[in-house]
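Colleague: Let me give you the structure first, and then I'll get to my questions.
Taken together, the values in this text are just the output of simple stated rules run on the coordinates, not laboratory data. Please read all numbers here as calculations on a predicted model, not as lab measurements. Note that each Cβ is placed from the backbone with ideal geometry, even for glycine, and that neighbours are counted across all protein chains shown.
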């Protein structure tokens, strides 16, 4: 096999169900056949050595996923504005031995949501408090959502996020309690699952069960895209919610990653269409 000129890839812990390799390699095979995208499943104790070695390797860019979006920051040389604000990184550019972290989740989620909402939402509930949830919370603030409530099982996480974002809007954290969650979801315009609960192969799991009928036009979003319809979204649909999975967010943040890594124009319409078709085909099998 001929050696590739540039390597890009995904850092995470359990990557077997990710569609990133499919999406990026489809693009590279068509446009830049000397490039390739690989998966790098790593344990936390392996991160430091891997990133240090990547400084002088064929690796030019990386995506970062669960559970390393926050702890990866300590190994980087520089952060972009969104990564700095949110304290979470999902893209790394490697250039001249330096590692710079970016957050494209904000742009990816914001674009996906703007295309899906039918009115300006005023109240949102976010399930989760990890790196992805922080990107969602900041996106909701930037989109003008007035009240943002989020839930976590960790009091420490609640205090961390409230302290970080409390000054920019009406953001309130809650301990993971079903009764409080049900009440706030009932009165929200948006409910977003930003946890990995329900991701394949654990498709029978759900972060919560929505028990009340949706407000007119209310939207339920799950950042998970594998499966395309999670148990959370199935339940929300039965209660009258419009539903949206995380596939478009994956594709939009992927486009932003390519722009960061390659610094060349990208035919967005073509990338979106072909990525979506390929991912849907695999996940529908």
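Colleague: Cα axis of helix 105-116 to longest principal axis of the chain: angle in degrees, 0 to 90, nearest 10?
Modeller: Helix 105-116 sits at roughly 50 degrees to that axis.
Colleague: For the chain, what does the helix formula give at 222 nm: sum of -39500 (n - 2.57) over DSSP H segments with n ≥ 4, over the residue count, nearest 500 deg cm²/dmol?
Modeller: -11500 deg cm²/dmol
Colleague: Separation of region 219-285 and region 86-115 by C-alpha centroid, Å?
Modeller: What the calculation gives is 16 Å, centre to centre.
Colleague: Restricting the count to DSSP beta bridges whose residues both fall in the chain, what percent are antiparallel, rounded to a multiple of 5?
Modeller: 20
Colleague: Let me ask something additional. Can you order the peptides 216-223, 267-274 by their average number of other Cβ atoms within 10 Å per residue, highest first?
Modeller: 216-223, 267-274
Colleague: What is the packing order of peptides 226-239, 194-207, taking the mean over residues of other C-beta atoms within 10 Å and listing the highest first?
Modeller: 226-239, 194-207
Colleague: Order the peptides 175-186, 76-87 from the highest to the lowest mean number of other Cβ atoms within 10 Å of their residues.
Modeller: 76-87, 175-186
Colleague: P(r) for region 176-285: what percent of alpha-carbon pairs falls in each 5 Å bin, starting at zero?
Modeller: 2, 12, 19, 19, 16, 12, 10, 6, 3, 1
Colleague: Continuing with this model, one more query. Relative to the first principal axis of the alpha-carbon coordinates of the chain, what is the inclination of helix 20-31, with its axis defined by its Cα atoms, in degrees from 0 to 90 and to the nearest 10?
Modeller: It is inclined by approximately 50 degrees.
Colleague: Please state, rounded to one decimal and in Å, the Kirkwood hydrodynamic radius that the chain gives when every pair of distinct Cα atoms enters the mean of 1/r. The partial results should precede the final answer.
Modeller: Details: mean 1/r = 0.0515 Å⁻¹.
Here the Kirkwood hydrodynamic radius works out to 19.4 Å.
Colleague: Quote the convex hull volume per residue of region 106-245, based on C-alpha atoms, as a whole number of Å³.
Modeller: 94
Colleague: Also, quick follow-up: How much length is gained if the chain between residue 25 and residue 274 is pulled fully straight, taking 0.36 nm per residue apart and subtracting their Cα-Cα distance, in nm to one decimal?
Modeller: 88.5 nm
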